[in-house]
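Enquirer: What follows is a structure written as structure tokens; I'll ask about it next.
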Amino acid sequence: MPKEFKVQNAEEFEIMIKNRDFRISEALVSTILKNLKGKKRHHHALSIISLDEDAVYDVTIDRNDFCHTLTESLNRYEEEEKYEECIKIREAIAYLKTKK
């Protein structure tokens with residue numbers, strides 16, 4: 001099940017992205033780790049529910065971006081001191097590199 005974020009408007013979500021909100025990284029990494037060995041190319045990672053606009057924006061991640069996203073997220077997990085997850089991320093990166 002994709003993570004859902006309720007925001008007042010799309011601009012609030014843009015601020016979350018600019019501020020590198022850790023919850024976004026968690027949603028992306030969780031989606032990647034759950035779908036690491038699958039064959040499907042695009043995966044629904046999170047939904048943004050905009051209350052003012054009465055709209056839902058779905059964010060997907062492409063399998064081709066898994067390694068890059070994990071590599072970028074690893075630093076965030078280290079900053080948050082989520083070391084057990086760091087190990088899983090490193091293992092997933094190594095797995096993806098062997099599959100290329």
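The values are calculated or read from the model by the stated rules, or taken from the named source; none is laboratory data. Here the structure is a predicted model, which is why all the values come from computation and not from measurement. Here Cβ is always computed from backbone atoms with ideal geometry, including for glycine, and neighbour counts include all displayed protein chains. Each accessible area value is taken on the protein alone, full model and side chains, heavy atoms only, with ligands, DNA and RNA left out. Shrake-Rupley method; radii C 1.70, N 1.55, O 1.52, S 1.80 Å.
Enquirer: Select from region 26-81 the residues that are among the β-branched types (Val, Ile, Thr) and within 11 Å of the chain's Cα centre (by Cα) and write down the one among them that is farthest from LYS100 (Cα to Cα).
Expert: VAL59
Enquirer: For GLU85, are the conditions met, namely being open to solvent by 80 Å² or more (accessible area, probe 1.4 Å) and more than 11 Å from the chain's Cα centre (by Cα)?
Expert: Spelling it out, it is not the case that GLU85 is open to solvent by 80 Å² or more (accessible area, probe 1.4 Å) and more than 11 Å from the chain's Cα centre (by Cα).
Enquirer: Just to be sure I understand the filter: pairs with C-beta atoms under 9 Å, separated by 6 or more residues or on different chains, first member in region 1-14 and in contact (Cβ under 8 Å) with a residue 60 or more places away in the chain, second member open to solvent by 90 Å² or more (accessible area, probe 1.4 Å). Which pairs pass?
Expert: Close Cβ pairs (under 9 Å, with a partner that is open to solvent by 90 Å² or more (accessible area, probe 1.4 Å)) do not exist here.
Enquirer: When residues of region 53-75 are filtered for being open to solvent by 100 Å² or more (accessible area, probe 1.4 Å) and assigned to a loop (DSSP other than H, G, I, E, B), how many remain?
Expert: Residues in region 53-75 being open to solvent by 100 Å² or more (accessible area, probe 1.4 Å) and assigned to a loop (DSSP other than H, G, I, E, B): 1 in total.
Enquirer: Still on this structure, please answer the following. Sort out which residues of region 15-36 are open to solvent by 70 Å² or more (accessible area, probe 1.4 Å) and either polar (S, T, N, Q) or in contact (Cβ under 8 Å) with a residue 24 or more places away in the chain (or both), and write them in order of number.
Expert: Result: ASN19, ARG20.
Enquirer: Please find, among GLU85, GLU78, the residue that is touching a residue at least 12 places away in the same chain (Cβ under 8 Å) and in a helix (DSSP H, G or I).
Expert: Criteria check complete, one pass: GLU85.
Enquirer: Among the listed residues LYS82, LYS88, identify the single one that is of a type outside the set (A, V, I, L, M, F, W, C) and either more than 30 Å from GLN8 (Cβ to Cβ) or in contact with a His (Cβ under 8 Å, 6 or more places away or on another chain) (or both).
Expert: Every option except LYS88 fails the conditions.
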